Amino acid sequence: MGDDGSTAGGHDRRHDQAPDSPAARQSRSGGRDPDRAARVILDVVDLDEPPLRLLLGSYALARAADMIERQSAEDRKWAFLSERTDFQEVAAE
């Protein structure tokens, strides 16, 4: 069987499930539960201070954390250039 679920004959086993079965829904949604996501979104609508970004699912959360860490590392790498643009202290005469 190939990585994509197909067999040597080209049959795709992902389509063997009933179209509305939990396994079929999970396969279509990439493992994320759209019903649970909808409930979270509705909960967020009622918040006094909703999040600026709503990360749905542990994969999205991990991916965002990884991107932030890489950006932060890049910013630290070039901080010496950023700091060169600061105003210099002027001695009082």
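The values are calculated or read from the model by the stated rules, or taken from the named source; none is laboratory data. No experiment lies behind these values; they were computed from the predicted model shown. Cβ: placed from backbone, ideal geometry, glycine included. Neighbour counts: every protein chain shown.
One table, with the values for the structure above:
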| quantity | calculated |
| --- | --- |
| Near pairs, Cβ below 6 angstrom, 6+ apart or cross-chain, from the range 35-53 (closer than 24 Å to MET67 by Cβ) to any residue that is part of a helix (DSSP H, G or I) | PRO50/VAL44 |
| Matching residues in the range 40-60 - criterion: being assigned to a helix (DSSP H, G or I) and modelled with pLDDT of 95 or more | VAL40, ILE41, LEU42, ASP43, VAL44, VAL45 |
| Counted residues, the range 53-85 - those being touching a helix residue (DSSP H, G or I) at 6+ places or on another chain (Cβ under 9 Å) and closer than 30 Å to VAL40 by Cα | 5 |
